[in-house]
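Asker: Below you'll find the structure I mean.
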């Protein structure tokens, strides 16, 4: 079993209207890792995701899954899409069944599973995303955040190894973002590899193990999130600032108030550090 | 939306759709079995009472849901009662021979059929009806079209609403001329959105391994057998009543 789950090697893709989707793009996703793809609008994030699921076929380069080149035949795609689940940015582009339960059952039934297994998987995935009580509701009666959860449940029911989420936080309020993060953390603990797109560098630094930077259809850098502070130039090159917590921590280090290591990944961790050093009062 | 709200919030939401479908079908049979307008009116009244008292639908909501159908029914029935005589002079509207009898007969039967249909749609969400039709071996293609149309109805009504609001906020409907122009823009915009959303849904279906028919989970109602027996007995009673009074 290869440690690299998904590998895109020198992928290029141009849309029929001539615009460039991907341009000699390379990326590796390690098995069991939490990954964030970050870049400006139009940098190629969605195009890259669609290559990972076989929705688009590279015009140049190779996509490998679990060390093997993707087979774009019917059986090959069926196998790939059973392992790589994709959650679209706009839930109304993904949900087309009349009811929640029906929509979640769509993927597992396409895998050819029997009705009893499908029923069990539907129940389990709805429970994972906290939507069990809405199972019989019509999709159009759900809120935006609930629709996003149903989208995730619909993909989870296929029990993928790699879950790809296109800007899952877009359009969600703070509370829903927190709930969604808890769902994603739970999935990661179950061993599912996660790759998600975002515009938020602070969130990426807080949550991810690996941060992949995208610009102009190319993955310009794949960084270890813990070492992000050392890659300010790479971030600037794609128009991103350093996370606020890194800047704040550096300011405090310069004043000799906190040690340089370990570097906190979020404001709460930094406050925790200050509390242990008796600089700040205990966080409520 | 009115029908949708009732279907989801009525007292018999959890009753098996097969039972409700059976009772509605019995209602149709009873209406056709009724030989006199009075019997048909009685059957229609019973179906109305079952919907209001049994399922807990309010009269106001029932009448609002029935209003468009009642309007068409009134128009259709009146056209049966009256005839236009194009004589030597100008066209003359007069009561057709047996016109009133036809009006009463067709009108009461149609009212009964409408009451049976309203009973079904006001107590059963379309998702359950689709599942019921699937279990009755309705061709998959028809069901897929129903599912997609039903879902897209709400997606597009949201799109229309959003575009309409965006246009109104910039005075798009401030005058008759602007209204015509904005409606043209709305239509063009929706045409594009239809294409884009259809493509997006196709991609989403592919991403979840779809390569042919749309397959969904069958609905599961715990007391289907018991519900169907009750509906069968009630429906048979309705038919017997209509038959007996005939």
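The values are calculated or read from the model by the stated rules, or taken from the named source; none is laboratory data. Owing to the predicted nature of the structure, the values given are computational and were not obtained by experimental measurement. Because the Cβ atoms are built from the backbone with ideal geometry, glycine has one as well, and the counts that use them run over all protein chains shown.
Asker: Scan the range B:138-151 and tell me whether some residue there is surrounded by fewer than 18 Cβ atoms within 10 Å (Cβ to Cβ), closer than 30 Å to residue B:34 by Cα and free of Cβ contacts under 8 Å to residues at least 40 places away in the same chain.
Answerer: yes
Asker: Do you know which of the residues in the range A:127-143 that are more than 11 Å from chain B (Cβ to nearest Cβ) and part of a helix (DSSP H, G or I) is farthest from residue B:212 (Cα to Cα)?
Answerer: A:133
Asker: Something else about it: Pairs, please: C-beta under 6 Å, at least 6 apart or cross-chain, first residue modelled with pLDDT under 90 and in the range A:113-124, second in a helix (DSSP H, G or I)?
Answerer: That search, which allows pairs on different chains as well, returns nothing.
Asker: Further question on the same structure: Does the range A:206-214 include one or more residues that are farther than 30 Å from residue A:18 by Cβ, in the same structural domain as residue A:8 (by TED's automatic domain parsing) and part of a loop (DSSP other than H, G, I, E, B)?
Answerer: yes
Asker: Between B:76, B:27, B:112, B:56, which is surrounded by fewer than 16 Cβ atoms within 10 Å (Cβ to Cβ), under 27 Å from residue B:229 (Cβ atoms) and in contact with a helix residue (DSSP H, G or I) (Cβ under 9 Å, 6 or more places away or on another chain)?
Answerer: B:56
Here is a yes/no grid of residues against (1) away from chain A (no Cβ under 14 Å); (2) under 20 Å from residue A:92 (Cβ atoms); (3) in contact with a strand residue (DSSP E or B) (Cβ under 9 Å, 6 or more places away or on another chain):
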{"position": "B:190", "(1), (2), (3)": "yes, yes, no"}
{"position": "B:197", "(1), (2), (3)": "no, yes, no"}
{"position": "B:214", "(1), (2), (3)": "no, yes, no"}
{"position": "B:241", "(1), (2), (3)": "yes, no, no"}
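Asker: Select from the range A:157-172 the residues that are within 11 Å of chain B (Cβ to nearest Cβ) and under 15 Å from the mean Cα position of the chain (by Cα) and write down the one among them that is surrounded by the fewest Cβ atoms within 10 Å (Cβ to Cβ).
Answerer: Looking at the filtered set, the residue picked out is A:160.
Asker: Right, another one. Among the listed residues A:61, A:73, A:67, A:42, which satisfies the condition of being without any contact (Cβ under 8 Å) to a residue 40 or more places away in the chain and on the phi > 0 side of the Ramachandran plot?
Answerer: A:42
Asker: Got a number for residues in the range A:209-261 being within 12 Å of residue A:38 (Cβ to Cβ) and surrounded by fewer than 13 Cβ atoms within 10 Å (Cβ to Cβ)?
Answerer: 2
Asker: Here's a follow-up. I'd like to check something: does the range B:98-108 contain any residue that is under 22 Å from residue B:234 (Cβ atoms) and touching a residue at least 40 places away in the same chain (Cβ under 8 Å)?
Answerer: yes
Asker: Sticking with this structure for a sec: Out of B:14, B:6, I need the residue that is buried (at least 19 other Cβ atoms within 10 Å of the Cβ), within 14 Å of chain A (Cβ to nearest Cβ) and either closer than 21 Å to residue B:227 by Cα or in contact with a strand residue (DSSP E or B) (Cβ under 8 Å, 6 or more places away or on another chain) (or both). Which one?
Answerer: B:6
Asker: Those residues that are over 27 Å from residue B:242 (Cβ atoms) and out of contact with any strand residue (DSSP E or B) (no Cβ under 7 Å at 6 or more places or on another chain), I need them from the range B:70-117; list them, please.
Answerer: The answer is B:86, B:87, B:88, B:89, B:90, B:97.
Conditions tested, residue by residue: (1) in the same structural domain as residue B:10 (by TED's automatic domain parsing); (2) at pLDDT below 90.
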residue	(1), (2)
B:75	yes, yes
B:99	yes, yes
B:103	yes, yes
B:112	yes, no
B:117	yes, no
B:130	no, yes
B:145	no, yes
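Asker: If you take the residues of the range A:101-126 that are more than 7 Å from chain B (Cβ to nearest Cβ) and in contact with a helix residue (DSSP H, G or I) (Cβ under 6 Å, 6 or more places away or on another chain), which of them is surrounded by the most Cβ atoms within 10 Å (Cβ to Cβ)?
Answerer: A:104
Asker: Of all strands (runs of 3 or more DSSP E) completely enclosed by the range A:5-100, which ones contain at least 1 residues that are crowded, with 17+ Cβ neighbours inside 10 Å and more than 14 Å from chain B (Cβ to nearest Cβ)?
Answerer: So the answer is A:20-30, A:34-39, A:60-65.
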